[in-house]
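For reference, the structure is listed below as structure tokens.
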């Protein structure tokens, strides 16, 4: 039997996996408990509702991902390379998940958020907060690239939000069409959006 100290983590892990692979609406408390190897009483010991668990699961997933994001976007890495490494990392991760479950899953934040953002304020606010933190990684890379004369982005925040929106639109399209090529091709598109090729072309 899982230790009580592990149970909350098991529940959040099970919740994010099921909601990401399927949907928030189709994922029941019973299914989460079954995946986690938990009794229903354990669920209600830690969480008042599925909504509260979903918010905790998203926070836990982001907490695990932040270490990797800090590495990919380290200030010691050249700014354009930070973005390239991130896009490569997401592509590799999506490819691996496709092998495991047969589908491109896209971004869990966007998949879950777009489903229930008008119905659940707690989950919506959690996702909104996490997305703002993710965008800040893009902002820092674009700001540094502009400062080094690699691109023209006098408003790095606006440029980062535009790039971030385009990328997550591609991830959503890739999920719908189950087409990994869309994710693979985005790195080149991102460089065009940023103006890297134009800026680096010989005079």
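The number of residues in the stretch 14-63 that are closer than 22 Å to residue 113 by Cα and in a loop (DSSP other than H, G, I, E, B) comes to 10. Number of residues in the stretch 105-120 that are without any contact (Cβ under 8 Å) to a residue 12 or more places away in the chain and surrounded by 13 or more Cβ atoms within 10 Å (Cβ to Cβ): the value is 1. Would you be able to tell me the number of residues in the stretch 124-168 that are assigned to a loop (DSSP other than H, G, I, E, B) and either crowded, with 16+ Cβ neighbours inside 10 Å or without any contact (Cβ under 8 Å) to a residue 60 or more places away in the chain (or both)? Going through the stretch 124-168 one residue at a time, the tally reaches 7.
All but one of (1) in contact with a helix residue (DSSP H, G or I) (Cβ under 8 Å, 6 or more places away or on another chain); (2) farther than 13 Å from residue 130 by Cα; (3) part of a helix (DSSP H, G or I) hold for residue 75; which doesn't? It is condition (3) that residue 75 fails. Scanning the stretch 73-104 for residues that are within 18 Å of the chain's Cα centre (by Cα), in contact (Cβ under 8 Å) with a residue 24 or more places away in the chain and crowded, with 16+ Cβ neighbours inside 10 Å gives 73, 82, 83, 84, 86, 87, 90, 91, 94, 98, 104. Taking the stretch 4-28 as the range and being surrounded by fewer than 17 Cβ atoms within 10 Å (Cβ to Cβ) and over 23 Å from residue 97 (Cβ atoms) as the test, the residues that pass are 4, 5, 6.
Values in this text are rule-based calculations from the coordinates and carry no lab data. These numbers were taken from a predicted model, which means no experiment stands behind them. Ideal geometry is used to build each Cβ from the backbone, glycine not excepted, and the neighbour counts take in all protein chains shown.
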